[in-house]
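Okay, so here's the structure we're looking at.
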Amino acid sequence: MNEDVQARSDIAQVVLRYAEVLDKKQLDRLDTVFSPNAQLVYLLGEQLIRFSMCEAQDVFGGFLRKCWWTCHTVSNPVIEIDRDLARASSRAHATHIQIRDDGTRNVWTVAAAYDDELVREVDGWRIRQRRCDARYEDGTFLAAGVRQYDAPPVFPV
């Protein structure tokens with residue numbers, strides 16, 4: 001396979017793996033998405049959150065533990081490659097379902113734009129800088145009064 005085609009495929013997999021890692025609450029796999037020194041900036045509504053890869057498990061976990069189920073749908077990225085560096089731009093739609101302490105559901109939906117800088121490392125492509133612009137929200141994320149979950153719901157067999 002052409003090296004450029006392979007690189008584009010590998011980069012797209014990194015961008016899509018991010019959604020899988022969050023939705024499956026497999027935060028120990030964030031190192032397959034982000035480089036060890038990655039810097040992340042998320043604009044959620046009007047709240048600006050800056051954190052590094054070493055803080056990522058705590059930041060993402062703080063949100064995701066308060067969600068019973070999530071679904072992050074990410075578009076195919078537009079990719080530009082310059083040797084061992086790349087840029088990827090993609091769009092996302094994320095639904096977060098929380099269960100209030102009284103058993104009722106709360107739904108928070110976010111539309112976002114991801115602008116990523118990636119670097120080719122020994123283990124493959126990794127995001128070293130992410131800017132997430134998620135100004136659109138429908139509903140509200142509840143920081144309190146919701147049940148906590150360490151894993152997504154199990155699909156009934």
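The values are calculated or read from the model by the stated rules, or taken from the named source; none is laboratory data. On a predicted model such as this, the values are computed, not experimentally measured, just so you know. Here Cβ is always computed from backbone atoms with ideal geometry, including for glycine, and neighbour counts include all displayed protein chains.
Points to keep in mind about this one:
- Checking each residue in region 122-145 for being touching a Lys or Arg at 6+ places or on another chain (Cβ under 9 Å) and assigned to a strand (DSSP E or B) picks out only 126.
- Every listed requirement among (1) without any contact (Cβ under 8 Å) to a residue 24 or more places away in the chain; (2) in contact with a helix residue (DSSP H, G or I) (Cβ under 9 Å, 6 or more places away or on another chain); (3) over 20 Å from residue 78 (Cβ atoms) is met by residue 17 save one, (3).
- Cβ-Cβ under 6 Å pairs, at least 6 apart or on other chains, region 37-58 side over 20 Å from residue 91 (Cα atoms), far side loosely packed, with under 12 Cβ neighbours inside 10 Å: 53/36
- Residues of region 59-99 satisfying the condition of being under 14 Å from residue 117 (Cβ atoms) and buried (at least 19 other Cβ atoms within 10 Å of the Cβ): 77, 79, 86, 88, 90
This table checks each residue for (1) over 18 Å from residue 23 (Cβ atoms); (2) among the hydroxyl-bearing types (Ser, Thr, Tyr); (3) not in a strand (DSSP E or B).
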residue: 54; (1), (2), (3): yes, no, yes
residue: 57; (1), (2), (3): no, no, yes
residue: 93; (1), (2), (3): no, no, no
residue: 107; (1), (2), (3): no, no, no
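- Hits in region 120-157 (condition: surrounded by 17 or more Cβ atoms within 10 Å (Cβ to Cβ) and in contact with a Leu (Cβ under 6 Å, 6 or more places away or on another chain)): 125, 127, 130, 134
- When residues of region 101-119 are limited to those that are among the hydroxyl-bearing types (Ser, Thr, Tyr) and surrounded by 14 or more Cβ atoms within 10 Å (Cβ to Cβ), the one farthest from residue 67 (Cα to Cα): 114
- Of all the numbered requirements in (1) at pLDDT below 95; (2) in contact with a strand residue (DSSP E or B) (Cβ under 8 Å, 6 or more places away or on another chain); (3) assigned to a loop (DSSP other than H, G, I, E, B), residue 1 misses one, and that requirement is (2).
- For beta carbons closer than 8 Å, sequence separation of 6+ or different chains, a first residue in region 96-114 that is of a type in the set (Lys, Arg) and a second that is assigned to a strand (DSSP E or B), the qualifying pairs are 100/106; 100/146; 105/97; 105/98; 105/99.
- The sole residue among 26, 47 that is under 23 Å from residue 142 (Cα atoms) and within 13 Å of the chain's Cα centre (by Cα) is 26.
- Only one of the listed residues (31, 23) is crowded, with 16+ Cβ neighbours inside 10 Å, among the acidic types (Asp, Glu) and more than 19 Å from residue 129 (Cβ to Cβ). That residue is 23.
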